[in-house]
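What follows is a set of notes on a single structure, which appears directly below.
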Amino acid sequence: MIEALLPLAVFAFVSSITPGPNNIMLTSSGIMFGFNRTIPHMLGVTFGFGVMLVLCAAGIGSLVLALPSIHVVLKTLGSAYLLYLAWKLRHMSFKSEVGGNSKPMTFLGAAIFQAANPKAWIMAITSASAFLPPLQPIWLSIGVYCLVFSLINLPCVGVWAVAGSILRRYLAQPLWQRVFCTVMVLLTIYSAVSIWL
């Protein structure tokens, strides 16, 4: 059993901790709103991704790969949202009271975003096809697979939110705020473009 779960755990860690749309958004949220207000966003990412893991383990991921039109729609939605996010990130607010209409992403919004996140689809489809534990009945295999991945995913995405909240303290000077905003905008645009590469 351990022999089957160890490769899954390693894949879950590497794919969850590396940069991607979720992690960039969580870092930005940590900077703009602090860690506590980013918690629903983090939980929504892990919950939405957990639902995606179940669907892919049940065979939906193969359907997405088999129908190129669905794949194009997902890529279009994901890249459009990331470009919208890059536009919003141009003038990040680092004040302790975020004014105007600025609000952190909700649990539900983060969960739904996973359906348009190509990196999440790739992670879920790859892990479901390569790392599903050989257990019977199949629902037990899917349950263990989702539990292991989710338990690793949540602290990994949490690291990015914590990093954002720590950076928030050091970005008091307007010059560094502008530099950081520029870097985040460029990374977000790169994420949007890399979906198509």
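The values are calculated or read from the model by the stated rules, or taken from the named source; none is laboratory data. Keep in mind that this is a model prediction, so the values were computed, not measured. Glycine also receives a Cβ, built like all others from the backbone with ideal geometry; neighbour counts cover every protein chain displayed.
For the range 123-140, filtered to residues that are part of a helix (DSSP H, G or I) and in contact (Cβ under 8 Å) with a residue 60 or more places away in the chain, the residue that is surrounded by the fewest Cβ atoms within 10 Å (Cβ to Cβ) is A130. Any chance the range 56-71 includes a residue that's at pLDDT 80 or above, under 17 Å from the mean Cα position of the chain (by Cα) and in a loop (DSSP other than H, G, I, E, B)? Scanning the range 56-71, I find no residue that is at pLDDT 80 or above, under 17 Å from the mean Cα position of the chain (by Cα) and in a loop (DSSP other than H, G, I, E, B), so the answer is no. A search for C-beta distances below 6 Å between a residue of the range 1-14 that is over 12 Å from F131 (Cα atoms) and part of a helix (DSSP H, G or I) and any residue that is hydrophobic (A, V, I, L, M, F, W, C) and at pLDDT 85 or above, counting only pairs 6+ apart in sequence or on different chains, returns F13/I152. Of T38, T46, all but one fail to be touching a Leu at 6+ places or on another chain (Cβ under 6 Å) and at pLDDT 90 or above; the exception is T46. Scanning the range 157-181 for residues that are buried (at least 19 other Cβ atoms within 10 Å of the Cβ) and under 16 Å from T46 (Cβ atoms) returns V157, G158, W160, A161. Taken over the range 147-197, the residue count meeting the criterion of being among the hydroxyl-bearing types (S, T, Y) and either more than 25 Å from Y84 (Cβ to Cβ) or more than 18 Å from the chain's Cα centre (by Cα) (or both) is 3. Filtering the range 113-122 to residues that are closer than 15 Å to S191 by Cα and assigned to a helix (DSSP H, G or I) leaves F113, Q114, A116, P118, K119, A120, W121, I122. If you filter the range 77-110 down to residues that are of a type in the set (S, T, N, Q) and over 30 Å from L147 (Cα atoms), you find that the one that is modelled with the lowest pLDDT is S96. For beta carbons closer than 9 Å, sequence separation of 6+ or different chains, a first residue in the range 76-87 that is among the aromatic types (F, W, Y) and a second that is modelled with pLDDT of 80 or more, the qualifying pairs are Y81/P21; Y81/F113; Y81/A116; Y81/N117; W87/V185. Among the residues of the range 36-54, some residue qualifies, meaning at least one is in contact (Cβ under 8 Å) with a residue 12 or more places away in the chain, surrounded by fewer than 18 Cβ atoms within 10 Å (Cβ to Cβ), of a type outside the set (A, V, I, L, M, F, W, C) and assigned to a helix (DSSP H, G or I).
For the range 15-32, what are the residues that are in a loop (DSSP other than H, G, I, E, B) and not β-branched (V, I, T)? Give the derivation first.
Going residue by residue through the range 15-32, those that are in a loop (DSSP other than H, G, I, E, B) are 18-20.
Result: P19, G20.
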